[in-house]
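Encoded as structure tokens, the structure appears first; notes follow it.
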Amino acid sequence: MGRSTRQRPNGDYEVPEREYRTMPRQATPSFLRESVNVPAGLSEDMKMCYKSLKRLMNHKWAGPFLQPVDPVAMGIPDYPDIVKNPMDFSTIQQNIENHVLQTREDFASSVRLVFSNALLYNKPQDDV
């Protein structure tokens, strides 16, 4: 809505009180507007999820969550016994790209699983 002015009979212009929007505007966070190469064929919701995932993957503390846990290389043979449903950011990315994850609820559930697994396996004093 633009502001309009009316001319009074004496030649002065009348400026009305500030007009306010009746519907609140939905603001898109700037990181979701950033240029990210999003795979073709994704719904708008999944495009936003993909961009959010990329943002998570670029976080300075994302390292432990970027690739699947390798229990042999990390010397943690009990990991598969404790964590029954392993998940990491690269697997989520592949699942989005291959249309395995179809909804934002699926995406949110997968991201929560990454952190739930970390909390399940690691001790509170661990640096994860």
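What follows is calculated from the coordinates using simple rules that are stated; it is not laboratory data. For clarity, every value in this text was computed on a predicted model and none was experimentally measured. Neighbour counts are summed over all protein chains in view; Cβ atoms, including those assigned to glycine, are modelled from backbone coordinates with ideal geometry.
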* Mind counting the residues in segment 44-69 that are hydrophobic (A, V, I, L, M, F, W, C), more than 19 Å from Ser116 (Cα to Cα) and assigned to a loop (DSSP other than H, G, I, E, B)? => 0
* **Residues (closer than 16 Å to Gly41 by Cβ, among the aliphatic types (A, V, I, L, M) and surrounded by 13 or more Cβ atoms within 10 Å (Cβ to Cβ)) located in segment 97-122** => Leu101
* To do: Determine, yes or no, whether Val72 is of a type in the set (Val, Ile, Thr) and either in a loop (DSSP other than H, G, I, E, B) or within 18 Å of Lys123 (Cα to Cα) (or both).
  => no
* Mind counting the residues in segment 56-96 that are surrounded by 10 or more Cβ atoms within 10 Å (Cβ to Cβ), in contact with a Pro (Cβ under 9 Å, 6 or more places away or on another chain) and of a type outside the set (Val, Ile, Thr)? => 8
* **Every residue from segment 84-105 that is over 19 Å from Ala62 (Cα atoms) and either free of Cβ contacts under 8 Å to residues at least 24 places away in the same chain or in contact with a Lys or Arg (Cβ under 9 Å, 6 or more places away or on another chain) (or both)** => Lys84, Asn98, Val100, Glu105
